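The values are calculated or read from the model by the stated rules, or taken from the named source; none is laboratory data. This structure is a prediction, so every number in the text was calculated from the model and none was measured. Cβ placement follows ideal geometry from the backbone for every residue including glycine, while neighbour counts extend to all protein chains displayed.
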Amino acid sequence: MIQFYDTMQQKKVPFKPLHPPKVSMYVCGVTVYDTCHIGHARAYIVFDMIKRHLNESGYTVTHIQNFTDIDDKIIRKANQESVCITTITKRYIRAFFDDMQALNIQPANHYPKATEHMDAIIALIERLLAIGSAFIHTNGDVLFSTAAFDGYGKLSKKVLGELEAGHRDTAQSIEAPSLDFVLWKQSKSGEPAWPSPWGSGRPGWHIECSAMAMQYLGDQIDIHGGGEDLVFPHHENEIAQCESCTGKPFVQYWLHNGFVTLHRQKMSKSLKNTITVRDLLDSVNPGAIRLYLLRTHYRTPFQFSWDGLEETRRSLQKLSTCLAEPETQIPTAAQVADLETFDQRFNQALNDDMNTALAVGVCFEVLRYIQTQGVGRSLVRDCLVYLGIQYDVERSEARPLPASCEALIAEREQARSNKDFSRSDQLRDELLTHGIAVKDTRNGPTWAWV
């Protein structure tokens, strides 16, 4: 039996889709103004694993994942480069697909873009206005009235009166209640805009996902997922919008993955502490990246470290070396039974709220079994394929150090000599973004590709 931890119920519950064997799954996608970082990689590897496991378990998953292709950050980037927004969005959508393919993430069934679904977005806003769940502000924007939805806060377990504003689609006017959020915003000079019954403008972030999810998957869907930072306000607001219109539970199972942190701080573009997927792919086997992220349960915060990634790379190399050797003996009846037990434990781990950490641990148990018993390679191969881990490609470790990085190492050593440890730490982190780990020794710094 498959079970998932549902954020709404705050407990593990058996998975029972609305229309088995069909499963509908909507995963919130990226805002395409920059390349993906490892936090994105974790989220999409998690939901790739959920889809793989459900499909292998006899279900048929329809997976929708949007692109937010109109946003203040996209407009700002386009203005900085003096190009149109489609130049920016097309560039980073291509980069997204390149990264996901490298990480062996199976594509969604559809990748709807907000700019291509304005009719559906406007129609949903019209429904909300018609039932009194939305109103037109004095500045011309259309806002959702959170007070009109009795269940507001039920996903995040926040109390309406205690909530504070602070997200990007909250109304800024002091005349509107602080938690009423924008459904349609009036256009500003020089910004992209679309015609609507309320004037030229563009949609708010939350209404985009609601409209696209309902268009492709219907009024009720089985699984809706994303990072835990989306619980509030984004997913809370999606619930309010959709359930106000339909009167039905919008989602059966809300699944959220934990943050990726660097130096115990959440990794995000706004904090400028991200490590991009491309940084990693330049120096590390993509299978090692995927394995590294799967070694921690998806709901647990993931503390990224270069040492941990290097340890995982070496572990994958051990697996690869073992699997390259031929199986020279036929397993005995007792060994067949042992291998069947390993296989059952692997599947039980995935059935138990997608516990990939435990499943990966089973793989390495079988590796040790192979070393003593001489059989089991085919099971490990099958498990790695199931996990989407490509193990037969290893990057060369014999690359020279670029001159620019040599200069950074020299500058860092000078900063240490001057006891400017803050600058030294900054330079160390900068080198890490190039895939270079620096270690200080009594004889001076050493470095290694990671």
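Worth a mention:
- Residues in region 116-142 that are touching a residue at least 60 places away in the same chain (Cβ under 8 Å) and either among the β-branched types (Val, Ile, Thr) or not assigned by TED's automatic domain parsing to the domain that holds MET212 (or both): ILE121, ILE122, ILE125, ILE131, ILE136.
- Of all the numbered requirements in (1) modelled with pLDDT under 95; (2) loosely packed, with under 15 Cβ neighbours inside 10 Å, TYR391 misses one, and that requirement is (2).
- Number of positions in region 14-50 that are within 18 Å of ALA357 (Cβ to Cβ) and acidic (Asp, Glu): 1
- Restricting region 66-76 to residues that are in contact with a strand residue (DSSP E or B) (Cβ under 8 Å, 6 or more places away or on another chain) and assigned to a helix (DSSP H, G or I), the residue that is surrounded by the fewest Cβ atoms within 10 Å (Cβ to Cβ) is LYS73.
- The residue pairs whose first member lies in region 262-282 and is closer than 16 Å to LYS73 by Cα, whose second member is of a type in the set (Val, Ile, Thr) and at pLDDT 70 or above, and whose beta carbons are closer than 7 Å, counting only pairs six or more residues apart or on different chains, are SER268/THR274.
- Any hit, region 246-267, residues being hydrophobic (A, V, I, L, M, F, W, C), surrounded by 24 or more Cβ atoms within 10 Å (Cβ to Cβ), within 22 Å of TYR33 (Cβ to Cβ) and out of contact with any Ser or Thr (no Cβ under 6 Å at 6 or more places or on another chain): yes
- Residue match in region 187-206 (condition: surrounded by fewer than 24 Cβ atoms within 10 Å (Cβ to Cβ), assigned by TED's automatic domain parsing to the domain that holds MET118, among the acidic types (Asp, Glu) and at pLDDT below 95): yes
- Looking at PHE342, PHE346, just one residue is touching a Cys at 6+ places or on another chain (Cβ under 8 Å) and either under 20 Å from ILE38 (Cα atoms) or assigned by TED's automatic domain parsing to the domain that holds THR372 (or both), and that residue is PHE346.
- Residue ID - farthest from the chain's Cα centre (by Cα), chosen from residues in region 93-114 that are surrounded by 20 or more Cβ atoms within 10 Å (Cβ to Cβ) and in a helix (DSSP H, G or I): ALA114
- Restricting HIS40, HIS19, HIS63, HIS53 to residues that are free of Cβ contacts under 8 Å to residues at least 60 places away in the same chain and crowded, with 19+ Cβ neighbours inside 10 Å narrows the list to HIS63.
- The set of residues in region 268-280 being modelled with pLDDT of 90 or more and farther than 16 Å from ALA43 by Cβ consists of ARG278 alone.
- Flag for ASN79 being surrounded by fewer than 18 Cβ atoms within 10 Å (Cβ to Cβ) and either in the same structural domain as TRP194 (by TED's automatic domain parsing) or under 30 Å from THR433 (Cα atoms) (or both): yes
- Qualifying residues in region 189-234 (those that are aromatic (Phe, Trp, Tyr) and in contact with a Lys or Arg (Cβ under 7 Å, 6 or more places away or on another chain)) - the one farthest from LEU54 (Cα to Cα): TRP194
- Residues in region 365-388 that are under 14 Å from GLN317 (Cα atoms), surrounded by fewer than 21 Cβ atoms within 10 Å (Cβ to Cβ) and touching a Phe, Trp or Tyr at 6+ places or on another chain (Cβ under 9 Å): ARG381 alone.
- Candidates GLN317, GLN303: the one that is of a type outside the set (Lys, Arg) and touching a strand residue (DSSP E or B) at 6+ places or on another chain (Cβ under 7 Å) is GLN303.
- Verdict on VAL13 being within 25 Å of ILE121 (Cα to Cα) and of a type in the set (A, V, I, L, M): no
- GLY287, sole failed condition from (1) assigned to a helix (DSSP H, G or I); (2) surrounded by fewer than 17 Cβ atoms within 10 Å (Cβ to Cβ): (2)
- Among residues that are part of a helix (DSSP H, G or I) and not basic (Lys, Arg), LEU401 is not included.
- Residue under evaluation ALA448, criteria (1) under 21 Å from GLU310 (Cβ atoms); (2) modelled with pLDDT of 80 or more, criterion not met: (2)
- Among the numbered conditions (1) farther than 30 Å from CYS245 by Cα; (2) not in a loop (DSSP other than H, G, I, E, B), the only one that ILE121 does not meet is (1).
- Qualifying residue in region 306-319 (condition: part of a helix (DSSP H, G or I), over 25 Å from the mean Cα position of the chain (by Cα) and crowded, with 19+ Cβ neighbours inside 10 Å): yes
- Hey, ARG416 outside any loop (DSSP other than H, G, I, E, B), among the basic types (Lys, Arg) and over 22 Å from ASP48 (Cβ atoms) or not: yes
- Condition met for ASN443 (modelled with pLDDT of 85 or more and farther than 24 Å from ILE38 by Cα): no
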